[in-house]
Amino acid sequence: MASVHTPTISVEDPAVEPEIKSASKKKLIRRLAKDQSQRIRLGVQIAFALLNVWLCVQFYFWVRFFESGGSTHWVERPAGVEGWLPIAGLMNLKFFILTHQVPPVHPAAMFLIASFLTMSLLLKKSFCSWLCPIGTFSELLWKLGRKIFKSNLTLPRWLDIPLRGLKYILLGFFVYVIGKMSAEALLDFMQQPYGIIADVKMLNFFRHIGQTGAIVIGVMILASIIIQNFWCRYLCPYGALMGLVSLASPVKIRRDAETCIDCAKCAKACPSQLPVDRLVQISSAECTACMSCVAVCPAENALQFSLPPRKADEFAERWAARTLEPWVVAATIALVFLGIVGYAKVTSNWKREVAPHVYMQLVPEADQESHPGM
């Protein structure tokens, strides 16, 4: 009896390889609802940027009133500009912790940094990607660079990691200096001429910028066009502080391994270059809760900004009432910001008035005032 030859099919056979590969792929359950996270985030960014522009313009005219000896139009000093004084905010916050008293100079700086830290505790480092004007400007720059050069430069890991540590070193320096100061020393610093007009000196830095300052800023802008979030990623101590606080946040970017189709679009979209596609949750201090990864994910319930999932077999049950929609994030940010600022205003702690004659003397000579420690 003749034997029947059964042909052997090798998995290496190119004719059957596509079929085998497709069988091993996860089934895509496509998202039905259109993602709105980036549109909502952009709206919040624009609103906060416009608020800061208005504050800066009003502050400029307030400064000009005293520089002109009172001959120009009077406008009220906007306390909100103290948000640009993060070091003063940290000093005032420590003063409040030590004395349980609202500081007498630049109190708004303390309330603003408290609101931003609260956001970081609740919603990761959302201040950086949703509110910070520098973060918004930096994002515009690297997107411009991507349009010009088709892609941004990614530094090798051996260089990227040490550079990321620079912002923590800068933060450590400021924390060390402020940490050594007693309540009396903090109060003395605040009430010295330099402390009183620190905001004016900040404005004058940009108004009367020298060649060295212009070159440094120019290099920063160029680097931010070429490299994603250059300042935020490597040098911003404020962002470093927010990132450390955000480690305690219960809300994180979370990936459901069962519904994820391993397309890696999330990792490619992440401005912080985090391996979103390989982790169950993103706990990194570098995550800014921008939700760019969530925006590009094509699979339903595969990636979300959420609280820890429930233990359930069905993915819909796991994430029910756990995921934070973009409008919830925006509403929470607004509630924290307006709530803390509103509390400060209602309790008459938002600003502490300095006598006009003191400003009349100090503001015109602001550039001559030097740091007490110098």
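The values are calculated or read from the model by the stated rules, or taken from the named source; none is laboratory data. Bear in mind the structure is a predicted one, so any value in this text is a computation, not a measurement. Positions of Cβ are generated from backbone atoms using ideal geometry, with glycine treated the same way; all protein chains shown enter the neighbour counts.
When you go through (1) at pLDDT below 95; (2) not assigned by TED's automatic domain parsing to the domain that holds Met181 one by one for Leu85, which number turns out not to apply?
With respect to (1) at pLDDT below 95; (2) not assigned by TED's automatic domain parsing to the domain that holds Met181, Leu85 is out only on (2).
Just to check your reading of the model, which residue among Asp256, Asp262 is over 26 Å from Ala109 (Cα atoms), modelled with pLDDT under 95, touching a Phe, Trp or Tyr at 6+ places or on another chain (Cβ under 9 Å) and of a type in the set (D, E, K, R)?
Only one candidate qualifies: Asp256.
I need every pair where a residue in the stretch 340-368 that is free of Cβ contacts under 8 Å to residues at least 12 places away in the same chain has its Cβ under 7 Å from the Cβ of a residue that is part of a helix (DSSP H, G or I), sequence separation at least 6 or different chains.
If the second residue must be part of a helix (DSSP H, G or I), no pairs are left.
Could we say that Leu187 is aliphatic (A, V, I, L, M) and within 20 Å of the chain's Cα centre (by Cα) here?
Answer is no for this residue.
In the list Arg207, Arg233, which residue meets the criterion of being under 18 Å from the mean Cα position of the chain (by Cα) and either charged (D, E, K, R) or not assigned by TED's automatic domain parsing to the domain that holds Lys167 (or both)?
Unique residue meeting the criteria: Arg233.
List the number of the failed condition for Leu274; all other conditions in (1) aliphatic (A, V, I, L, M); (2) in a helix (DSSP H, G or I); (3) surrounded by 16 or more Cβ atoms within 10 Å (Cβ to Cβ) hold.
Single failed check for Leu274: (2).
Kindly establish whether Ala285 is of a type outside the set (Lys, Arg), closer than 29 Å to Leu247 by Cβ and in a loop (DSSP other than H, G, I, E, B).
For Ala285, the condition - of a type outside the set (Lys, Arg), closer than 29 Å to Leu247 by Cβ and in a loop (DSSP other than H, G, I, E, B) - is met.
Out of the residues in the stretch 320-357 that are over 18 Å from Lys124 (Cβ atoms) and among the aromatic types (Phe, Trp, Tyr), state the one that is surrounded by the fewest Cβ atoms within 10 Å (Cβ to Cβ).
Tyr343
Results for (1) in the same structural domain as Phe127 (by TED's automatic domain parsing); (2) modelled with pLDDT of 75 or more, shown as yes or no for each residue.
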{"residue": "Ile9", "(1), (2)": "no, no"}
{"residue": "Ile20", "(1), (2)": "no, no"}
{"residue": "Lys26", "(1), (2)": "no, no"}
{"residue": "Arg30", "(1), (2)": "no, yes"}
{"residue": "Leu42", "(1), (2)": "yes, yes"}
{"residue": "Ala49", "(1), (2)": "yes, yes"}
{"residue": "Trp62", "(1), (2)": "no, yes"}
{"residue": "Phe65", "(1), (2)": "no, yes"}
{"residue": "Trp74", "(1), (2)": "no, yes"}
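In the same structural domain as Phe205 (by TED's automatic domain parsing) and modelled with pLDDT under 95, is that true of Glu353?
yes
Restricting to the stretch 120-136, give me the number of residues that are in a helix (DSSP H, G or I), within 10 Å of the chain's Cα centre (by Cα) and farther than 19 Å from Met220 by Cβ.
Counting residues in the stretch 120-136 that are in a helix (DSSP H, G or I), within 10 Å of the chain's Cα centre (by Cα) and farther than 19 Å from Met220 by Cβ gives 5.
Quick one: is Met220 within 17 Å of the chain's Cα centre (by Cα) and either modelled with pLDDT of 95 or more or within 19 Å of Ser306 (Cα to Cα) (or both)?
Here the answer is no, as Met220 does not meet what is asked.
Residues are listed down the side, and each one gets a yes or a no for (1) aliphatic (A, V, I, L, M); (2) in the same structural domain as Asp188 (by TED's automatic domain parsing); (3) part of a loop (DSSP other than H, G, I, E, B):
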{"site": "Phe305", "(1), (2), (3)": "no, no, no"}
{"site": "Pro308", "(1), (2), (3)": "no, no, yes"}
{"site": "Lys311", "(1), (2), (3)": "no, no, yes"}
{"site": "Arg318", "(1), (2), (3)": "no, no, no"}
{"site": "Gly342", "(1), (2), (3)": "no, yes, no"}
{"site": "Asn349", "(1), (2), (3)": "no, yes, yes"}
{"site": "Pro372", "(1), (2), (3)": "no, no, yes"}
